[in-house]
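None of the figures in this text is laboratory data; all of them are computed from the coordinates on show. On a predicted model such as this, the values are computed, not experimentally measured, just so you know. Quick reminder, even Gly has a Cβ in these numbers, built from the backbone with ideal geometry, and neighbours come from all protein chains shown.
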Amino acid sequence: MSNGSERQLPNRRVLELSTLYEISKILGSSLDLERSLTGILRILNSFMGMRKGTILLYDAQTKELCIRLALGMTPEEIARGKYQVGEGILGKVMQHGLPMVIPDIGQEPEFVDRTRSRGDLTQPVGFIAVPIKVSGETLGVLSVDRLFAEEVSFEEDVRVLTIVASLIGQAVNLQQHVMREREGLL
C-alpha cells in the first residue's frame, strides 16, 4: 500500500516535464525575447504555482542587476528593481553564481524588497533565486516567490528553475549575438 507522498512524486515529475516542455515550445516558436520570457514566467506561475516571477539581467554599463521582466508587478515596482552585485539575495546569487532559497522572506534580514511589491506578508512566503548562466558566465538571476506548504520541495523547485534559467540564458545569449551581428551590418 503506497502513501500519499509516493503518489505525489510521479505527479510532480509529470508536472515538471510538462512545464519544461511548454517553456521549450515558447522559446522555439519566437525570436521576440520579451514575449518568450513573459510566457516562461506565466508557465511557472500557472503550472508550478510560482508567483512574482522576475528575470533580472546584469547591465555592464550601469554595473547593476536590473529587472528585465516581472509577473505580478507594476511598472513602478519593476523600475525600482535595481541591485548592486553582492547586495541582498539577488546580488549574492549574481556575485556567486549559486542558487539561494529563503523559506520565509519575512524572516530574512538579507532580503531587500526594493520593489515593495509584496505589501504585508500575512503568511510565510518562500523565495527562490537561481543564476542565469551561459558558458559559466552569470548573465542575471531568475527569481520566484513560493507560498510555503508541506508539499513544496524547494530542492526540486531549484532543479527545475536551474534548467529554466539555462534555457533563458541561451535565449538571451542568442538575442545578444543577433544584435551584435545586426550592428556589424550597419
Assuming 0.36 nm per residue, please report the length gained on full extension of the stretch Cys66 to Ser29 beyond their Cα-Cα distance. 10.7 nm
Between Gln176 and Gln107, what is the label-point separation in nm under the 7 Å Cα-to-beta-carbon projection? 3.8
Measuring from centroid to centroid over Cα atoms, what is the spacing of region 19-96 and region 113-146 in Å? 8
For Lys63, which aspartates and glutamates qualify as cross-link partners when the Cα separation must be under 13 Å and same-chain residues fewer than eight apart are set aside? Glu87
Computed over region 4-185, Kirkwood Rh from alpha-carbon pairs, angstrom: 16.8
Report relative contact order for the chain in percent, whole number only (criteria: Cα-Cα under 8 Å, sequence separation at least 6). 18
Once you've got the GNM for the chain with C-alpha springs shorter than 10 Å, pick whichever of Glu76, Glu16, Glu64 has the biggest mean-square fluctuation. Glu76
Region 5-106: which trypsin sites (Lys or Arg not before Pro) are DSSP loop and have at most 16 other beta-carbon atoms within 10 angstrom? Lys63
From the phi angles alone, apply the Karplus equation (6.51, -1.76, 1.60; θ = phi - 60°) to region 134-140 and give each ³J(HN,Hα) in whole Hz, x where the residue is Gly or Pro. 9, 6, x, 8, 7, 9, x
To the nearest 0.05, the calculated FRET efficiency linking Ser166 and Leu17 through their beta-carbon distance, R0 being 22 Å, is 0.90
Between Lys52 and residues 5 or more places away or on another chain, which pairs have amide H atoms under 5 Å apart, with H built 1.01 Å from N, and which residues are they? Asp145
Order the peptides 97-106, 128-137, 162-171 from the highest to the lowest mean number of other Cβ atoms within 10 Å of their residues. 162-171, 128-137, 97-106
